[in-house]
1. With labels modelled as points extended 7 Å from the Cα through the Cβ direction, what inter-label distance (nm, one decimal) is found for Leu59 paired with Arg115?
2. Just subtract the alpha-carbon distance of Asn49 and Thr19 from 0.36 nm times their residue separation and send over the number in nm, one decimal.
3. Percent of Cα-Cα pairs more than 16 Å apart in segment 1-54, please.
4. Return the lysines within reach of Lys122: Cα separation strictly under 17 angstrom, same-chain partners fewer than 8 residues apart disregarded; answer none if there are no such residues.
5. Starting from 0.36 nm per residue, how many nanometres of slack lie between Met66 and Gln132 once their C-alpha separation is accounted for?
6. Mind putting a number on the dipole of the chain about its Cα centre? Charges go on the C-beta only, +1 for Lys and Arg and -1 for Asp and Glu, and I need it in Debye to the nearest 20.
7. Anyone know which of Ala74, Ala26, Ala56 comes out most mobile in the 10 Å Cα GNM of the chain?
8. Can you tell which of Gly125, Ala78, Ile55 lies farthest toward the positive end of the dipole of segment 19-134, using +1 and -1 charges on the Cβ of basic and acidic side chains (Lys, Arg; Asp, Glu)?
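Read the figures in this text as sums done on the coordinates, not as results from a lab. The structure displayed is predicted, hence computed values, not measured ones. Methodologically, a virtual Cβ is constructed for each residue, glycine included, from the backbone with ideal geometry; neighbour enumeration extends over all protein chains shown.
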Amino acid sequence: MILIDSSVWIDYFNGNQTTHTDWLDASLGNTPLVIGNLILTEVLQGFHNDKDFKIARDLLLSIPFMSMGGQALAVESAMNYRFLRTKGVTVRKTIDVIIGTFCIHHNLTLLHDDRDFDPMVKFFGLEVVNTQSL
């Protein structure tokens, strides 16, 4: 299963064509995808008009859902953040550490367009979609 990060969804809904949004567009309905509550919130909160919000909401709610919280994941995310700090890496957004840790914990592949995930690939083996090979 592949989790799509909000960095890709936001570009997708804004009509920004990138290798990531092209991959997503080609994969909708053809590839097992999953969405989590944190990403759902990040994406939907950015819509300014009701029509676009409802279209996006309906699409996103059609994708299988997983809750991305809980005590164990919070502690694991904090440990990962602290480890990265010992390596001289400061992730800009805590939510990205949670998303990356969630993917690692549940053996999910991540499609993203956000450099905050790069250290998690390097140090923790976070699996990501390689859009460069398309």
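1. Taking the two extended label points, one gets 2.7 nm.
2. Values: separation 30, 0.36 × 30 = 10.80 nm, distance 2.68 nm.
Extending this stretch completely gives an extra 8.1 nm.
3. Working: 616 of 1431 pairs.
Counting every Cα pair in segment 1-54, those more than 16 Å apart make up 43 percent.
4. Result set, ordered by chain and number: Lys87.
5. Working: separation 66, 0.36 × 66 = 23.76 nm, distance 2.75 nm.
In short, 21.0 nm is gained.
6. Working: 10 positive and 15 negative charges, 95 e Å.
Here the size comes out at about 460 debye.
7. Most flexible of the set in this elastic network: Ala26.
8. Ala78
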